[in-house]
Amino acid sequence: MSVRHRAFSGVQPTGRLHLGNYLGALKPWVTHQDARENIFCVVDLHALTVPEAVDPRQLAAGSRQIAALFLAAGIDPERSSVFIQSHVREHSELAWVLNCVTPLGWLERMTQFKAKSEGRDSVGTGLLDYPVLQAADILLYDTDVVPVGEDQKQHIELARDVALRFNHLFGEVLKPPAISLPPVGARVMGLDDPTVKMSKSIGESRPNHLVGMLDDPKRIRKVLMKAVTDSGCAYAPEVASPGVVNLMGILSALTSEPVDSVAARFEGRGYGYLKAEVADAVVAELEPVQARYARFMDDPAELDAVLKRSTDRVRGIAGAT
Ligand code: AQP
């Protein structure tokens, strides 16, 4: 009998989930759901690392909403575990143990820490320590593979290094994990500025930056039709501008049509045609997700039951570690 690889991944309950979160994480989780044993976590403790962005009255409700979105996206709770990080205390406990073996210099080098701490008067220790808590999340479950977007590559490499260092000091205890990136959609760029990653925090102040997973079709179409491109009409991926490459990547990730084929099909036509087709594909993909989300939110008892079953299941693994 073949042993199935175990996958672990998480999403922070901060802001509204967007197309980048969906194509970089949720959709690939669903695609590979049968091939792996899956543990998916709403990482609410990670959200505390930027405390000024957290409304304590909203955190629990926001975490449930993200869990409902996992399910609405197609995660089947019979085949995959879906739970909230702070409900399993071993995440914090292992993070402390791992803190004690992680050199400070490793954390100071993390590009996400540098970007998120830049220009701030005061930075909480939690922001620096974020990747160690993430390593604990992963290593707690003997994870083989971590399906994430490209922005998480450095953090997953750090989790590997922490596991290897721990094992070097104390013997073979922790399994060094591998990263799994989707072939397209691993880095969805901002629609108003395709040189930066689509990001929840930027989306809060710039309305045309992102498409939210729960946005209505009218808004989705409006934002995509306004997406920044260029004044030409070049589609070949090696010469197309970043905005066009981004739109073709979104279409390819949604329809599985290779980017080269998308480029060939649109050659000689204006970008408006590409934008309209991307908008149709995004609406067609998200409408059923939104309908299922509404059903989960209408049935809090069912959502609670799913979360409890998963929490009980993963606690067994976490406790053993
Ligand atoms: N633009 C993206 N393209 C592809 N994948 C992405 N992910 C995030 N942005 C993109 C992936 O989504 C998963 C959840 O990540 P998270 O909850 O940690 O979200 P985040 O990285 O905090 O998301 P943002 O939007 O980038 O938030 P801020 O603005 O707070 O930094 C991960 O697998 C991530 O790779």
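Would a scan of the range 179-200 turn up a residue that is part of a helix (DSSP H, G or I) and within 19 Å of the chain's Cα centre (by Cα)?
Filtering the range 179-200 for residues part of a helix (DSSP H, G or I) gives 200.
In the following step, the residues that additionally are within 19 Å of the chain's Cα centre (by Cα) were identified as 200.
Checked against the condition, which is being part of a helix (DSSP H, G or I) and within 19 Å of the chain's Cα centre (by Cα), the range 179-200 yields at least one hit.
Please verify whether the range 233-254 includes one or more residues that are small (G, A, S) and open to solvent by 70 Å² or more (accessible area, probe 1.4 Å). I'd like the intermediate steps shown before the answer.
From the range 233-254, those small (G, A, S) are 234, 236, 240-241, 243, 249, 252-253; that's our starting set.
Now restrict to residues that are open to solvent by 70 Å² or more (accessible area, probe 1.4 Å): none.
Among the residues of the range 233-254, not one is small (G, A, S) and open to solvent by 70 Å² or more (accessible area, probe 1.4 Å), which makes the answer no.
From V245, V282, V262, grab the single residue that is closer than 30 Å to A68 by Cα and in a helix (DSSP H, G or I).
Numbers: V245 fails: closer than 30 Å to A68 by Cα; V262 fails: closer than 30 Å to A68 by Cα.
Of the residues listed, the single one that is closer than 30 Å to A68 by Cα and in a helix (DSSP H, G or I) is V282.
Which one of the conditions (1) open to solvent by 40 Å² or more (accessible area, probe 1.4 Å); (2) assigned to a helix (DSSP H, G or I); (3) in contact with a Lys or Arg (Cβ under 8 Å, 6 or more places away or on another chain) does G203 fail to meet, given that it meets all the rest?
Exception for G203: condition (1).
When the range 285-315 is examined, which residues are found to be open to solvent by 50 Å² or more (accessible area, probe 1.4 Å), more than 30 Å from K226 (Cα to Cα) and in a helix (DSSP H, G or I)?
R295, M297, D298, P300, A301, E302, D304, K308, R309, D312, R313, R315
Among (1) among the aliphatic types (A, V, I, L, M); (2) modelled with pLDDT under 95; (3) buried (at least 18 other Cβ atoms within 10 Å of the Cβ), where does V3 come up short?
(3)
Which ones in the range 265-276 are surrounded by fewer than 18 Cβ atoms within 10 Å (Cβ to Cβ), assigned to a helix (DSSP H, G or I) and touching a residue at least 12 places away in the same chain (Cβ under 8 Å)?
Here is the first cut: in the range 265-276, the ones surrounded by fewer than 18 Cβ atoms within 10 Å (Cβ to Cβ) are 265, 267-270, 272-273, 276.
Then keep just the ones that are assigned to a helix (DSSP H, G or I); that gives 265, 272-273, 276.
Those that are surrounded by fewer than 18 Cβ atoms within 10 Å (Cβ to Cβ), assigned to a helix (DSSP H, G or I) and touching a residue at least 12 places away in the same chain (Cβ under 8 Å): G272, A276.
Any residue in the range 212-222 that is buried (at least 19 other Cβ atoms within 10 Å of the Cβ) and in a loop (DSSP other than H, G, I, E, B)?
First, the residues of the range 212-222 that are buried (at least 19 other Cβ atoms within 10 Å of the Cβ): 212-213, 215, 220-221.
Within this subset, residues satisfying the condition of being in a loop (DSSP other than H, G, I, E, B) are 213, 215.
Checking the range 212-222: at least one residue is buried (at least 19 other Cβ atoms within 10 Å of the Cβ) and in a loop (DSSP other than H, G, I, E, B).
Can we say E90 is away from the ligand (no atom under 16 Å from the Cβ), touching a residue at least 24 places away in the same chain (Cβ under 8 Å), open to solvent by 20 Å² or more (accessible area, probe 1.4 Å) and within 19 Å of V162 (Cβ to Cβ)? So that I can check it myself, show each step before the final result.
Working: away from the ligand (no atom under 16 Å from the Cβ): yes; touching a residue at least 24 places away in the same chain (Cβ under 8 Å): yes; open to solvent by 20 Å² or more (accessible area, probe 1.4 Å): yes; within 19 Å of V162 (Cβ to Cβ): yes.
Yes; evaluated as a whole, the condition is true for this residue.
Is there a residue being in contact with a His (Cβ under 6 Å, 6 or more places away or on another chain) and under 25 Å from P258 (Cα atoms) anywhere in the range 220-239?
We begin by selecting, within the range 220-239, every residue in contact with a His (Cβ under 6 Å, 6 or more places away or on another chain); these are none.
No, the range 220-239 contains no residue that is in contact with a His (Cβ under 6 Å, 6 or more places away or on another chain) and under 25 Å from P258 (Cα atoms).
Can you give me the number of residues within the range 155-172 that are within 16 Å of D137 (Cβ to Cβ) and out of contact with any helix residue (DSSP H, G or I) (no Cβ under 6 Å at 6 or more places or on another chain)? Steps first, answer last, please.
Of the range 155-172, the ones within 16 Å of D137 (Cβ to Cβ) are 155-163, 166.
The next check asks that each one be out of contact with any helix residue (DSSP H, G or I) (no Cβ under 6 Å at 6 or more places or on another chain); those that pass are 156-157, 160-161, 166.
So the count comes out to 5.
Across the range 76-96, what is the number of residues that are out of contact with any helix residue (DSSP H, G or I) (no Cβ under 6 Å at 6 or more places or on another chain) and of a type outside the set (D, E)?
As a first pass, look at the range 76-96 and keep what is out of contact with any helix residue (DSSP H, G or I) (no Cβ under 6 Å at 6 or more places or on another chain): 76, 78-80, 89, 92-93, 96.
Right, trim to of a type outside the set (D, E) and you get 79-80, 89, 92, 96.
So the answer is 5.
Output the residues belonging to the range 128-142 that are of a type outside the set (A, V, I, L, M, F, W, C) and within 14 Å of the ligand (Cβ to nearest atom).
Correct list: Y130, P131, Q134, D137.
Any residue in the range 5-33 that is of a type in the set (F, W, Y) sitting within a Cβ distance under 6 Å of a residue that is more than 10 Å from the ligand (Cβ to nearest atom) and in a helix (DSSP H, G or I)? List the pairs, counting only those 6 or more apart or interchain.
F8/I138
Of the conditions (1) at pLDDT 95 or above; (2) surrounded by fewer than 19 Cβ atoms within 10 Å (Cβ to Cβ); (3) more than 17 Å from the chain's Cα centre (by Cα), D55 satisfies every one except a single condition; which number is it?
(1)
Can you find a residue in the range 25-46 that is away from the ligand (no atom under 14 Å from the Cβ), within 25 Å of D299 (Cα to Cα), assigned to a loop (DSSP other than H, G, I, E, B) and under 19 Å from the mean Cα position of the chain (by Cα)?
yes
Scan the range 7-23 and give yes if some residue there is modelled with pLDDT of 95 or more, closer than 29 Å to D280 by Cβ and open to solvent by 40 Å² or more (accessible area, probe 1.4 Å), otherwise no.
Checking the range 7-23: not a single residue is modelled with pLDDT of 95 or more, closer than 29 Å to D280 by Cβ and open to solvent by 40 Å² or more (accessible area, probe 1.4 Å).
Got at least one residue in the range 113-127 being away from the ligand (no atom under 14 Å from the Cβ), buried (at least 19 other Cβ atoms within 10 Å of the Cβ) and at pLDDT 95 or above?
no
Can you tell which of D193, D142, D151 is more than 30 Å from A318 (Cα to Cα) and surrounded by fewer than 18 Cβ atoms within 10 Å (Cβ to Cβ)?
On the way: D142 fails: more than 30 Å from A318 (Cα to Cα); D151 fails: more than 30 Å from A318 (Cα to Cα).
Step by step, each of D193, D142, D151 is checked, and only D193 is more than 30 Å from A318 (Cα to Cα) and surrounded by fewer than 18 Cβ atoms within 10 Å (Cβ to Cβ).
The values are calculated or read from the model by the stated rules, or taken from the named source; none is laboratory data. Just so we're clear, the structure is a prediction, and the values are computed from it rather than from any experiment. Cβ coordinates were reconstructed from backbone atoms using ideal geometry, including for glycine residues, and neighbour counts include every protein chain displayed. The area values use the complete protein model at the heavy-atom level, side chains included, leaving out ligands, DNA and RNA. Shrake-Rupley method; radii C 1.70, N 1.55, O 1.52, S 1.80 Å.
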